[in-house]
Each structure stands twice: as C-alpha cells, then as structure tokens.
Amino acid sequence: MLKNNIRIAIRNLRKYKAFSFINIIGLAVGVACVVLILLYVLDDLSYENFNRNAGRIYRVYSSARIEGGEMKMAVTPPPLGATLVREFPEVKQYTRVMPTANMLIRYKNNVFNETRFFWADSTLFDVFTMSFIKGNPRTALNEPHTVILTESLAKKYFGNEDPIDQVMNFEDGTPYTVKGVIKDCPVNSHFHYDMFASMASIDVSKANFWLNDIFYTYIVLKKGASPTVLEAKFPELIKKYAGPQLYQALGITMDDWRKKGYAYGMHLQSLNSIHLYSHLENEMEPNSDIKYVYIFSVIAIFILLIACINFMNLATARSVMRSKEVGVRKVLGSNRAQLIIQFLLESIMLTFFSIMLAIVLVEICLPYFSDLSGKQLHSAYFNNLFTIPSLILTVLIVGIIAGSYPAFFLSSFRPVKVLKGKAIAEKGSWFRSGLVVFQFSISIILFIGTFIIDNQLNYIQKAKLGFNKEQVLVVKRAWALENHAQTFKEALLKNHNIINASCTNDLPGQIYSQTLFKPENASSSQQYLLATMFSDYDFIKTLDIKLASGRYFSKKYPSDSLAVVLNQKAVQMLDIKDPIGKRLSFSGSNISYQIIGIVKDFNFESLHQSIRPLVLLLNRGQSSYMPIKISSKNISESVSFIKNEWKRFVPNKPFEYFFLDDEFSKLYLSEQKTSEIFTAFSVLAIFIASLGLFGLAAFTAERRTKEIGIRKALGASISNIILLLSKEFTKCVLIANVIAWPVAYYFMNNWLKDFAYRIHISLWTFILAGCLALIIALLTVTLHAIKAAMANPIKSLRYE
Amino acid sequence: MIKTVNMRKIYTTEEVETTALNSVNIEINEKEFVAIMGPSGCGKSTLLNVFGLLDNPTDGEFHFLEQEVSKYSERQRANLRKANIGFVFQSFNLIDELTVYENVELPLLYLGISSNERNKMVTNVLERMQIMHRKDHFPQQLSGGQQQRVAVSRAVVAKPKLILADEPTGNLDSANGEEVMNILTQLNEEGTTIVMVTHSPHDSEFAHRIIHLFDGHVVTENYKEKFHV
Ligand SMILES: Nc1ncnc2c1ncn2[C@@H]1O[C@H](COP(=O)(O)OP(=O)(O)O)[C@@H](O)[C@H]1O
Ligand SMILES: [Mg+2]
C-alpha cells in the first residue's frame, strides 16, 4: 500500500510540474529564510558561551541620579572589584579591564597601531576563559610592564620567532615583555581583544577613587550564590566607601544626599545578557538588541507560514482536478484515513524536496547574508548531531502542517457528487481567500515596515544637526604631532583647498565625558551633570557651529583658559538669566569659569538622543582629533596633501583618518543592518506570496474555463473577463490592507519611539505599500486572466 | 439480493426539493441481468447509486444481501461495497495518474489482498479482457473501448457478486459497445448479478428483465422468457 502511495505521489509531483515547482520553490525559499534567520538568532544567543563559568560571571555597572538626569554606566570605580572580593565571601574572584583605543607599539623597526588593546588585572584568566598557547596564566600579568598577545598578533610581530620574553616598546618608550600567547579572540564576545597589558603598569589601577567610574569590573560568584542577594548589599557598601569621599567633595553625607533624591549605585548584569540586553553608557562595543532577535524570529515564522499557505491553497485549488480520483478511490472502497495518508505523503515528499533545495540555497546565500548581517555565520550542518533528526522532523512537521488542510478537505468529498462532476471547490474558497488575505497582510506589514525604517534612516542621515559634517576629514591620534600641532595646522592652511582646521579632544558622534558643575551662588549640593567638550579656538568655525550670543574662545583673550561656552540646553537647565559674564565651577573645585558665549544647540550624539546640556572648554594639552574642513573640490588631492604633510612632520607615525559624515552614519549601523535585512526578507515574503497567487490564479482560470467560454460566446470582451478573474484577488488584497495598516502602524510607531528625532508616519507610506502589493498581485493574476480570456471559446465548450 | 420497499430519495437543495425516486419497490435476485431504462432525469443514476451503497435512500427499506442497509453509516456501506460490488461508468472514471495495471489493482489493495495474490488476479482478468499488452499504459493513451475494458476489468477483478453499470456503452462506438455487452453477458452467465442503466434498446436486449422508470416511479417491468424465477 505504502509503495503504491509513494509511486502515485511521485507521479503526481511530476505530472503537475508547475504546481510542484511553485510549491517546492516557495517552500524552499521560505525554509531557507528560516534557516538563515535561525543561524543569525542562534549566533546572537551564543555570545559568551565559550566562557566556562559564563553562568556565574557578572559585570558590575554603576548608576547615578543627579540634577540633569539619570545615567547608567558600564564602568565602575577602581577599588570596587577588590573590595567586593574582600567584603563578600560569595564573590569568588574579580577582574578589571580598560581599553585604550589606539596604542602605538614598536618592535624592532616595525610600528603598529593596536586598536584592540586592553589593560587587565592578572586575574583575567580566572574570570574569562582564554586558552594559553604559551606562558602561564597564573603569572603572565602579575608584574608591571608585561603583556600577553593573541596568536595572530604574535605572528604579526614576531613571525616564527618565539614571542615569550621578547620586548616591545609602547609609545612613551617603556619596554613591555611578552609573557604569554593566547588563542585568538572568539567572535561571539562582547569585547574583542588582541592584546592585554598588566594592570599593575598603570597607576590609576591603584587609585582609591570611589566617585570616578573608570574600569570595567567583572566578578565570578561561588556556585549557588544569588546575584540579587549580593546586589542588595551594595547600597551599604557604597555608603561605607564612597560616603566619606562624597562628604569631602560636596560637604554632605551620603544619607542626606540620598534624601534629596540623588543616587549613586552599583548593580550586576550577567555576562550572558550583555550582548542582547545591555545598553549602558560607555559600552566597549555597541551591543545588539533582543528586540531584533524577536523581530527576525517573527519574520521567519511569517515567511514560513506564507510558504505553507501557498501549499495549502494550491493543493486545495487543485482538488477540483483530483476530485475524480478521490471519488473513484472511495467507490472502490478506500476509507478517509487512507486518502489522508495519500495526500499527506505527497505533501511530505514535496517538503522533503523543498528542504533539500533550501539547504542548497542556504549554502549559496550564506556569504551574502553574513555580509548583510555583519556576522560570521556557518551552516556546519554535519558538525551537529541533531542536524539530521531535526531536518527529518522539520520535513514531517512542515509537510503535515502544509498538507493537512488539503488532505482533510479532499478526503471529505462525497463520491456520488464528485462522480457526477459537480464542482466541490466552492466550499473551500472562502478559506482560501482568507489565507490569501493573511499572506498579503503580512507582506504589506513588511512593506510598510521597510518603508518607514528606510525613511527614518534617511531622515536622520539628512537631518540638520546644527553643525556641518560634510567634507570634514578627521586626523586620528593628533597627539602624535606633540608640540608641532600648531605648525602642522598652519602648514595645511596654506593650501587653498584646506578651509579650516582645529585641534580637539572631543567630536560629535564620539564618546564624551560628563562632569558635575555648580553655578555661581548655588548651594554646594546643587549640582548639574553636563557633557563636556575640550577644543581649540577654531572648533566651531571648522564644524560650522553657530553662536547664539557672546563669542567663542579667542587668542586675543588670554583669560579664555578660564572661560566656558554653553549650549542653549545648558542655559535652560542651569536656569541662568543673562548668562554671559556669569560663572560656573566644577563641583568640589574652587576655580570658577566665566561664561563668554552661547552656541546654538547641535546634535553631538546620535539622533536617538535629544540634545543634552553641554559645556565647551578650551583644550590646552594635546588633542585626540584634528578635524579639517576641506573644499568639496579636489578631495582626493587634499587627502594626499594632508597625508604628505603628516609624513613630513612625523615620518614614523602612522597617518590615520576618517570622514566625519561616515563616522556619524556608523551611529546607525545597527538600524542600517536591520533595515537591509528587513528589506531583503520583505521582498522574499512578497515573492513567495506572489508565487502562490500565481498558482492560485492559474487554477482559477482553469476551473472557470467553461464559464469563460460561455461568457465569451455570449459576447463578453477580453477586458470583461480579465476584470472578472482579477476581482476576487483585488478584494483579497484590499482586505489585507485593512488588516495590515493598523498592525503596521502600531509596531512601527513603537520602533520610532527609540528615536528622539523621528519622522511622522505618513498615510502615503501605507497607500504606497498597499498599491505596491495590489500591483504585484494584479500583475500575477492578470497574466493568467489574459491567457484564459484570449482562448477560443469553442475549445473550452467542447471540453465537457 | 436486492429488495426495496416503498423506497424514496429526495434531494434538497437551497431552492428546490427534487423527488428523484418515489415509492420504488424492486426485487432483484442473484444471477439476474437487469436493465433500467427511462428518459433523462427520471432517477436511473440515483437508483444505481443507492443500489451501489454510494448513497442512502431518504426513506423506505433497502435490503442488500438480506441486510436492511438503508440506515448504514458511510463506513459500514464502504465495507459492504468494496467486497461485493463492482462499478462500470459511462465515462470510465479511471484514475489518470495510474497505469492500467494499477487501476485494476486498486480494489484489491483496499481489500488488503497480498501482493502475490493481487498479481495473479490482475493478470488473470487483464488477459481475459485482452488488455494485458497495455498493462503499463496510462488511461489517456488508450482508445475508449480499451478504457472501458479496463474499467470492466477493475469492476470484476475482486469477483463481486453485483456489477452496476451506468450507461456502459454510452461513450463507445457500436463495435466496442457490442464487445462490452458480450463481456457483461459472459460475466452474468458465470453467476454475477448485473444491473445496467441504458438508453439503448439494443443493449437492453441482453438483459433478462427491463425496468422502466418515469419521474422516479417504476412504470413497467418486462420479463423475457430467457430467465425464469
Ligand atoms: N445531488 C443532487 N442534488 C439535487 N438533485 C439531484 C441530485 N442528483 C440528481 N438530482 C435530481 O434527481 C433527478 C434524478 O436524477 P438522475 O438520477 O441523475 O437521473 P437520470 O440518471 O435518470 O438521468 C433529476 O431531476 C436530478 O436533477
Ligand atoms: Mg444518469
């Protein structure tokens, strides 16, 4: 019996090639999408898994609530880790790390700029799992001026030589000895390293500051210890250690300070949660978001559903053609169960072919998808014991889901009616229409989502930021110029393509610091948290930031080293009338700064944030960046000119630069990626839905051949017929719009809430998406309608 | 073998009620060959469907093989049907996706007969119907006469007690029709009961008895001397 069933199933697949093709392709694309998304999601969920103690590792983060708002920082005070181990027995070990973004390192004649450089405590390897290839984890980072490198980095510096005990020089000339080589950094880690230097080398690691958040502190708890119980003990600890320092700085006890509604606290976050859930200030790298895991999973399920619906719809529609078979089988004694098995078997076989094809598609698409998602994804089917069983399970489940409706529908036919040639298909048609409506609703929702994300990204990229980021080349590591910075700048300005240049420590789009300020005459506990930017005289000219009143720093006023410029938000927050000439001081300091000017508000962070209060100060030391405004003409010449000048001034320091607008768009990298993935999958969704519609339309046209023949014989025109056949589907798409619009509005409105600056959702977006879906549907359907309408009626009438 | 008492069949659709059969009292004995005649729409096919256990009568009694089956469930009827009844249709109703051999084999599959046995039975009947050389062809590749021979083969392969034929020659030319009638006669002579719907007076000559239907009623029954109760 089964053999007979299989044989018939194969023959059926072969005979209805178009049907099988549409189903296999549709389902394969659907399954391939799901597999890709699954790989993406699994990758996101696998972060930190390489750490043996991952479940017991926590990062401590700090929070502060003061005038000007609340903030949560990923960094903590220097003595925190050691104190936790000392005070609480359940804390087994701690380690601290601190990155330095650009570290110039020399070995013999080679100089490299290391961007993944960290200072770390010797206990690093007690917390994180890092395998040593050479050296001893117990002692590697014990001494000052020791480093460990990853395998690749060791190769870069030493080639085939033994790296152990080799000496390399840091930028300030200090020699560091290599004490270990570890395996390269795993991709799925929330921070990526090439090199660690011993924490004992830097003084700040020993500082007893409790009010300065500097280091990333990680702790390992003893087995069975509860993080919430531990966390509850933190406020007392803060009071004990930070309290005296607070009193010294502000003259107020911790209790009184807390009573005023202010707060300073430490909290725990599990290592596993960082990648998807942590969005603190000062994250080492931008993290992903669980939101996207959900969004993509839902899209995957929807795409699979659309593909399954295709199958159900086509199989049911085709039932008209199979009704005779069902009738004859029933007359000959088949019972319902046997028929159901027959149809399920066909659908399972179809699914099987689809999944085989899907695997091929995944293999082909994986490199592109990796690119798109910015992840290194591997299918590695056969590394996993569960692959084969889960594939078989998927085939069965999808096959049964997709095949069940047609199977039950078809097997319920009454043989007498069927053999009489009565059309039974009408019964299922509302259900089929419902499924089409569902498919198109999803497609339209995805369309609207794509449009809105795209619009918003366009908007933030083109938005007026209050400064000009175009044609600004930024030289990194400007401190390498040492005291030649000024002459270098002057040399550049001699070229007429160089319009302006500035030496600055801070730039829009880069991490900046925030400091507590106290306005003149305010009580000592009245503190305001303000963002700070240190720059030189030419900063606002170079970036085209506008003054609202007063003036900017100028060489003409030597006293400007004790002057500040505020933005309008800061004036509002500090609530100063006629601010020019008034004074401010750093909290806990007696030196006061005079306000000399107010700049118009400009967006120095991503547009997720509204503009914060800002203080601009004159930078007197060395600077991190040199932004250079260049003419829009001859850009490449200007770049090479700047590069050559750099070579002339500091021949053995690498020249590194970026364009400010590029760097600014990186702030939206995660949205950019989401948008691209979103677009790709909505196109696929509508493709699969159209494929189904195409098949469905073919069957409708075929089913109504006789009707069309009669109508034509009676004088209907071709356009009448096309209208007749398209009407049904047009109705479906219109209803789909009604369902899709509110759903899409709800979700996209929520998504937009993440942006302080956002577009208004326009009705046109919805109309556009709806029309697009309608056009695609009509094009698909009309193709068949035209074919059916053009056919000679005599042919179809003779048919019966 | 078949006995109906005041049997009625009423079709109810949304708009109208059609009385397809009205107080039908018919008795058909084993080994009889009965032809049913009458104008189009008089209820011939309906009667055959009830006889074939494809449909239940609306009321009245219907005895099949000494059992009162008019209230049987679909499943009970299916079981009774597959063991005892073979069908031959005007439009053949062969499954296009199956070969000649497989079409004929199908009833045996549903009876759960072993593969060896099936092979013997199918080969036997195909040879007898002289269609063995076409056993691997699909129905569409055969002429009408050949298709009907396959349909008859399928109807008789499980050796049913009763064969129901609804206008078996309706789609055939006279030579092929003649052949099918000869086969049916031969089967009848071997002991199979046959009930046949036909429009053709010539075909009805082959039967022992002709039942005339008009508007759902039995009008006349003509016995031929060939067969005596
Ligand atoms: N499934 C049905 N639903 C409603 N009416 C039916 C159905 N089948 C047959 N009829 C009606 O019953 C009557 C008898 O039909 P039928 O037995 O097919 O006639 P015949 O085979 O003698 O041409 C006709 O009037 C027909 O329209
Ligand atoms: Mg009839």
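Averaging 1/r over every pair of different alpha carbons in the range B:162-229 and inverting the result gives a Kirkwood radius of 12.8 Å.
With the cut-off at under 17 Å, measuring from each backbone N in the range A:170-200 to a point 7 Å along the Cα-to-Cβ line of A:His378 picks out A:183-189. Computed 3J(HN,Hα) for the range A:240-247, one whole-Hz value per residue from the Karplus formula 6.51 cos²θ - 1.76 cosθ + 1.60 where θ = phi - 60°, is 5, 9, 7, x, x, 6, 5, 4, glycine and proline marked x. Using a basic spin-label model with each label point 7 Å from the Cα along Cα→Cβ, how many nm lie between A:Ala54 and B:Gln141? Label at A:Ala54, label at B:Gln141, 6.0 nm between them. When the alpha carbon gyration tensor of the range A:500-547 is reduced to an equivalent ellipsoid, its three semi-axes come out at 27, 12, 8 angstrom, largest first.
For the range B:24-160, report the % of Cα-Cα distances exceeding 27 Å.
Cα-Cα pairs of the range B:24-160 separated by over 27 Å account for 29 percent.
With a simple spin-label model that places each label point 7 Å from the Cα along the Cα-to-Cβ direction, the separation between A:Ser719 and A:Leu42 comes to 5.5 nm. Note on the range B:1-96: semi-axes of the ellipsoid equivalent to its C-alpha gyration tensor, largest first and rounded to whole Å, are 20, 18, 16. The range A:208-248 gives an Rg/Rh value of 1.05, both radii derived from C-alpha positions and Rh following Kirkwood. Chains A and B together bury roughly 2300 Å² of accessible surface, counting both sides and using a 1.4 Å probe on protein heavy atoms. Counting only DSSP H runs of at least 4 residues, each contributing -39500 (n - 2.57), and dividing by the residue count of chain A, the helix-based mean residue ellipticity at 222 nm comes to -16500 deg cm²/dmol.
At an R0 of 41 angstrom, the distance between the Cβ atoms of A:Ser589 and A:Ile635 translates into a FRET efficiency of 0.40. Each principal axis of the Cα atoms in the protein assembly as shown has its own extent, and those three values, largest first, are 138, 65, 59 angstrom. Measuring heavy-atom accessible area with a 1.4 angstrom probe and counting protein chains only, the residues of the range B:107-126 that give up at least 40 Å² relative to the chain alone are B:Leu109, B:Tyr110. Straight-line cross-link partners of A:Lys291 among the lysines, defined as a Cα under 19 Å from its Cα and at least 8 positions apart when in the same chain: A:Lys375, A:Lys673, A:Lys753.
Suppose accessible area is computed on protein heavy atoms with a 1.4 Å probe; arrange A:His145, B:His199, A:His275, A:His496 from highest to lowest. Show your work: numbers first, answer last.
Numbers: A:His145 70, B:His199 95, A:His275 15, A:His496 155 Å².
Putting A:His145, B:His199, A:His275, A:His496 in descending order of accessible area: A:His496, B:His199, A:His145, A:His275.
B:Val24 sits among other residues whose Cβ lies under 10 Å from its own Cβ, and their net charge, with Lys and Arg +1 and Asp and Glu -1, is +2. The mean of 1/r over all distinct Cα pairs in the range A:294-378, once inverted, gives the Kirkwood hydrodynamic radius of 15.9 Å.
Three principal axis extents of the range A:209-320 based on alpha-carbon atoms, in descending order, are 87, 33, 27 Å. Residues in the range B:74-208 average 39 Å² of solvent-accessible surface per residue, probe 1.4 Å, ligands and nucleic acids excluded. With the convex hull constructed from alpha-carbon coordinates only, the range A:32-75 shows a mean projected area of 5.4 nm² over all directions. In the range A:92-203, with Lys and Arg counted as +1 and Asp and Glu as -1 at Cβ, which of these residues, A:Met168, A:Thr95, A:Ile133, has the Cα nearest the positive end of the dipole, that is, farthest along it? So the residue we want is A:Ile133. Pair-distance distribution of the range A:652-704: all C-alpha pairs, bin width 5 Å, starting at 0; shares per bin in whole percent are 5, 14, 11, 11, 10, 9, 8, 7, 6, 5, 5, 3, 2, 2, 1, 1, 0. Residues whose amide H comes within less than 5 Å of that of B:Phe92, counting only those at least five positions distant or on another chain, are absent (H built at 1.01 Å from N in the peptide plane). Over all distinct Cα pairs, what is the inverse of the mean 1/r for the range B:113-229, reported as the Kirkwood hydrodynamic radius in Å? It works out to 15.6 Å.
Projected onto its three principal axes, the C-alpha set of the range A:560-655 covers 49, 31, 23 Å, listed from the longest axis down.
Packing-based ranking of A:104-113, A:19-28, B:43-52, A:234-243 yields B:43-52, A:19-28, A:234-243, A:104-113, ordered from highest to lowest mean Cβ neighbour count within 10 Å. Across the range A:1-136, the fraction of Cα-Cα pairs farther apart than 20 Å, rounded to a whole number, is 73%. Solvent-accessible area of A:Trp479, all protein chains in place: 70 Å² (probe radius 1.4 Å, heavy atoms, ligands and nucleic acids excluded). As a fraction of the 1.4 Å probe accessible area of the protein assembly as shown, surface on carbon and sulfur atoms comes out at 56 percent. Assuming R0 = 30 Å, can you tell me the calculated FRET efficiency for the pair A:Glu363 and A:Asn750, based on Cβ-Cβ distance, to the nearest 0.05? The calculated FRET efficiency here is 0.25. In the range A:324-348, the residues that give up 50 Å² or more of accessible area when the other protein chains are added, compared with the chain on its own (1.4 Å probe), are A:Lys324, A:Val328, A:Arg329, A:Val331, A:Leu332, A:Gly333. More than 28 angstrom separation, counting every C-alpha pair in the range A:142-297; what % is that? Of the Cα pairs, 46 percent sit more than 28 Å apart. Of the residues A:Lys489, B:Lys159, the one with the largest accessible area comes first in the ranking B:Lys159, A:Lys489, computed with a 1.4 Å probe on protein heavy atoms. Rounded to the nearest 0.05, the FRET efficiency derived from the C-beta distance between A:Lys647 and A:Arg65 at R0 = 51 Å is 0.55. Accessible area per residue for chain A is 45 Å², calculated with a 1.4 Å probe on protein heavy atoms, without ligands, DNA or RNA. Per residue, chain B reaches -10500 deg cm²/dmol at 222 nm when only DSSP H runs of four or more residues are counted, each adding -39500 (n - 2.57). Global size of the range A:152-214: 14.9, 46 Å for Rg and Dmax (C-alpha atoms, Rg to one decimal, Dmax whole). The fraction of all Cα pairs in the range A:539-602 landing in successive 10 Å bins from 0 to the largest distance is 21, 52, 26, 1, given as whole percents.
The values are calculated or read from the model by the stated rules, or taken from the named source; none is laboratory data. Quick caveat: nothing in here was measured; it's all calculated off a predicted structure. Please note: Cβ atoms are built from the backbone with ideal geometry, for glycine as well, and neighbour counts cover all protein chains shown. These accessible areas exclude ligands, DNA and RNA; they are computed on the full protein's heavy atoms, side chains included. Shrake-Rupley method; radii C 1.70, N 1.55, O 1.52, S 1.80 Å.
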